[in-house]
1. Using alpha carbons only, how many angstrom separate the centre of the range 207-244 from the centre of the range 117-152?
2. How are the C-alpha pair distances of the range 40-278 spread across 10 Å bins, as whole percents from the shortest bin up?
3. Given the convex hull over the Cα atoms of the range 77-197, what projected area results after averaging over all orientations, in nm²?
4. Rounded to the nearest 20 debye, what is the charge dipole size of the range 127-280 about its Cα centre when +1 sits on each Lys and Arg Cβ and -1 on each Asp and Glu Cβ?
5. How much FRET efficiency would the formula 1/(1 + (r/R0)^6) give for Q245 and S163, where r is the Cβ-Cβ distance and R0 is 35 Å, rounded to 0.05?
6. Which of K56/K97; K87/K277; K45/K101; K97/K225; K56/K270; K97/K165 have a Cα-Cα distance over 20 Å?
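Quick note: the coordinates plus some simple rules give every number you see, no bench work behind them. Since this is a predicted model, take the numbers as computed values, not measurements. Don't worry about glycine lacking a Cβ; one is built from the backbone with ideal geometry, like all the others, and counts go over all protein chains shown.
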Amino acid sequence: MVLPLNKPNLSRQRSPAEVSACWATAYPYGVDVYSVDIGRSDAAKRLALLRDCIQKTLNEWSSQISPDLVREFPDVLECTVSHAIEKINPDEREEMKVSAKLFIVGSNSSSSTRNAVDMACSVLGVAQLDSVIIASPPIEDGVNLSLEHLQPYWEELENLVQSKKIVAIGTSDLDKTQLEQLYQWAQVKPNSNQVNLASCCVMPPDLTAFAKQFDIQLLTHNDPKELLSEATFQEALQESIPDIQAQEWVPLWLLRYSVIVKSRGIIKSKGYILQAKRRGS
């Protein structure tokens with residue numbers, strides 16, 4: 001599912017070979033929504049905001065298309081609304097810092113990382129993101145996050161740095177041992193690590209000491225452990241487009257971006273991009 005802010009192109013045809021539904025979409029929905037300081041919202045409000053963004057985007061998109069397309073709902077579909085995202089003016093690019101945090105939602109290959117970054121660059125009209133933080137990938141209950149879980153995604157981030165699609169890369173919710181293991185193994189070192197203040201009110205001293213030694217910036221966040229579940233996405237999809245078989249569609253990744261005016265520290269825009277696919281495609 002893709003809802004970027006460019007002009008709707010509802011008649012576009014795709015090759016039959018493209019079987020995965022490219023539902024990568026941006027939800028900057030409305031100044032009224034994003035004037036809320038989501039950085040200070042609690043987890044429940046953040047989840048509700050994201051669900052509301054998905055529904056509003058899908059509602060507007062579905063109201064603009066032929067009912068026949070909704071009923072048939074092909075394997076590949078681009079959902080586009082005309083006022084979703086403002087592309088960055090090339091003349092103003094040097095004045096802006098474009099940051100993103102990537103959440104891997106479903107069991108998926110590391111190619112999700114490149115897909116997400118490519119989509120964000122395309123949607124925002126830039127050649128490069130200034131920083132990307134990757135949230136811990138999903139793992140089975142009862143299993144501790146290890147370096148092996150992170151390596152495929154980090155290798156793809158490193159490739160993106162080397163190809164100049166990203167300037168700096170960072171991690172989220174790694175403790176001192178995990179961060180040290182990643183740092184020692186990685187070719188492109190993490191320049192930041194986010195810590196969830198819901199789990200610790202004070203930065204762990206060992207993590208602080210390690211980060212200071214190797215010049216890694218420690219940041220805080222309050223994202224819930226699961227920002228978007230499969231069930232939540234399917235509920236929003238079903239309510240927005242009743243004729244669709246929502247259980248056939250699963251989210252793959254979610255990217256949250258922000259565009260900040262460097263000289264003033266003001267957020268110019270922020271939003272989400274989501275990709276989902278039809279089961280079995």
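1. 11
2. Histogram of Cα-Cα distances, whole percents per bin: 7, 29, 36, 21, 6, 1, 0.
3. Numbers: hull surface 37.3 nm².
Directional mean of the projected Cα hull area for the range 77-197 stands at 9.3 nm².
4. Details: 14 positive and 19 negative charges, 176 e Å.
Dipole about the Cα centre, nearest 20: 840 debye.
5. Working: r = 38 Å, r/R0 = 1.08.
Efficiency computed from Cβ-Cβ geometry: 0.40.
6. Numbers: K56/K97 27 Å; K87/K277 25 Å; K45/K101 18 Å; K97/K225 26 Å; K56/K270 16 Å; K97/K165 14 Å.
Those over the limit are K56/K97; K87/K277; K97/K225.
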